[in-house]
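Student: To start, I am sharing the structure in question, which I have written as structure tokens.
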Amino acid sequence: MPNLVEIRNLHFAYGERPILSELTMDFPRGKVIAVMGGSGSGKTTVLRLIGGQLLPQAGNVVVDGQVVSEMDTKALYRMRRKMGMLFQHGALFTDMSVFDNVAFPLREHTDLPEQLIHDLVLMKLQAVGLRNAAQLKPAEISGGMARRVALARAIALDPQLIMYDEPFAGLDPISMGMTANLIRKLNDALGSTTILVSHDVHESFLIADYVYFLSNGKVVAQGTPAEMMASTDPYVKQFVHAEPDGPVPFHYPGKSLAADLGLGEGK
Ligand SMILES: Nc1ncnc2c1ncn2[C@@H]1O[C@H](COP(=O)(O)OP(=O)(O)OP(=O)(O)O)[C@@H](O)[C@H]1O
């Protein structure tokens, strides 16, 4: 199967509230795929469905040929071991050194001897340029460095699939560029597949092979970054060129301000 992950005709609702509908997406092996869209468009929900933390009401998520909703607990656990995740605000353990943070998944999920864990951790830290920071505590390094440590931790088990949720959030431009390059380099070095949830167009387009745009729980546009840059679709244009006005409304849907102020106009 050329795709490591496939989503087919998926519907998902939180209780009564529909979040994703008729969602079909492909995540080909070896590629970096960006999932973009405005706040609340359902991007994080897609990651949770792929990780099996949420189950769809209809349709399927297939990971490495297996339907996630049909997996038993053991199979789910096996699958998750092959996934590295870097969550939004994915914090480091503050009372542990950089070294111990990266060693954590190895100690938790494997029976490898401590000497081997030591070497593996140093290799991961070397890959993110922080081998010499191994003994520092998270409070002693910058925000950009902390993000790189979190990256090293996410790839500690050499995952087949790496999922990042807003990895650039809160970073300065230099750290952002560095993190983006690392995401691409780590994907290629590990021969893995990367799903990158972000609303940062510049960084995502630099490293992604393919881009999906979500709006209101649906794919509204997809293609290579170059295709998206050239797109005349109003949604894509608004997003790519950061235009404040367009198909994406600024206001959360509901009553009009006039109605709320009791001015009687509309609802
Ligand atoms: N546990 C939950 N229960 C009910 N609704 C939820 C829950 N988690 C998220 N939602 C809603 O689902 C919608 C999609 O959320 P999701 O986090 O997937 O969006 P997102 O595209 O990742 O947004 P952002 O970029 O702001 O993180 C939002 O409207 C959110 O309010």
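Student: Given the criterion of a type in the set (Lys, Arg) and either surrounded by 17 or more Cβ atoms within 10 Å (Cβ to Cβ) or within 16 Å of the ligand (Cβ to nearest atom) (or both), identify the matching residue among Arg8, Arg17.
Tutor: Arg17
Student: How many of the residues making up segment 161-185 are surrounded by 20 or more Cβ atoms within 10 Å (Cβ to Cβ), away from the ligand (no atom under 16 Å from the Cβ) and not aliphatic (A, V, I, L, M)?
Tutor: 1
Student: Sticking with this one: Looking only at residues in segment 20-55 that are away from the ligand (no atom under 12 Å from the Cβ) and on the phi > 0 side of the Ramachandran plot, which one is surrounded by the most Cβ atoms within 10 Å (Cβ to Cβ)?
Tutor: Gly52
Student: Could you tell me which of the residues Thr110, Thr73, Thr94, Thr24 is hydroxyl-bearing (Ser, Thr, Tyr) and under 30 Å from Val220 (Cβ atoms)?
Tutor: Thr24
Student: In addition: Output the residues belonging to segment 217-241 that are farther than 28 Å from Tyr14 by Cβ, of a type in the set (Val, Ile, Thr) and surrounded by 17 or more Cβ atoms within 10 Å (Cβ to Cβ).
Tutor: Val240
Student: Here's something else I'd like to know. Given the condition more than 16 Å from the ligand (Cβ to nearest atom), in a helix (DSSP H, G or I) and among the small types (Gly, Ala, Ser), answer yes or no: does some residue in segment 81-88 qualify? Write out each step before concluding.
Tutor: Our first condition is that a residue be more than 16 Å from the ligand (Cβ to nearest atom); within segment 81-88, this holds for 81-84.
Still in the list and also in a helix (DSSP H, G or I): 81.
Still in the list and also among the small types (Gly, Ala, Ser): none.
No: zero hits.
Student: Name the residue, out of Gly30, Gly65, Gly38, Gly52, that is of a type in the set (Gly, Ala, Ser), modelled with pLDDT of 90 or more and touching a strand residue (DSSP E or B) at 6+ places or on another chain (Cβ under 7 Å). Steps first, please.
Tutor: On the way: Gly65 fails: touching a strand residue (DSSP E or B) at 6+ places or on another chain (Cβ under 7 Å); Gly38 fails: modelled with pLDDT of 90 or more; Gly52 fails: touching a strand residue (DSSP E or B) at 6+ places or on another chain (Cβ under 7 Å).
Criteria check complete, one pass: Gly30.
Student: Being aliphatic (A, V, I, L, M), farther than 22 Å from Ala91 by Cα and at pLDDT below 95 is true for just one of Leu186, Leu190. Which residue is that?
Tutor: Details: Leu186 fails: farther than 22 Å from Ala91 by Cα.
Testing whether each residue is aliphatic (A, V, I, L, M), farther than 22 Å from Ala91 by Cα and at pLDDT below 95 leaves just Leu190.
Student: So, one more: I need the full set of residues from segment 128-160 which are buried (at least 19 other Cβ atoms within 10 Å of the Cβ) and closer than 20 Å to His199 by Cα, in order please.
Tutor: Arg147, Arg148, Ala150, Leu151
Student: Out of everything in segment 199-215 that is more than 16 Å from Ala169 (Cα to Cα) and touching a Leu at 6+ places or on another chain (Cβ under 9 Å), what residue ends up being modelled with the lowest pLDDT?
Tutor: Leu214
Student: Exactly one of these conditions fails for Thr193: (1) more than 16 Å from the ligand (Cβ to nearest atom); (2) buried (at least 19 other Cβ atoms within 10 Å of the Cβ); (3) without any contact (Cβ under 8 Å) to a residue 40 or more places away in the chain; (4) not hydrophobic (A, V, I, L, M, F, W, C). Give me its number.
Tutor: (3)
The values are calculated or read from the model by the stated rules, or taken from the named source; none is laboratory data. Small disclaimer: the values here were computed from a predicted structure and weren't measured. Note: ideal-geometry Cβ built from the backbone for every residue, glycine included; neighbour counts use all protein chains shown.
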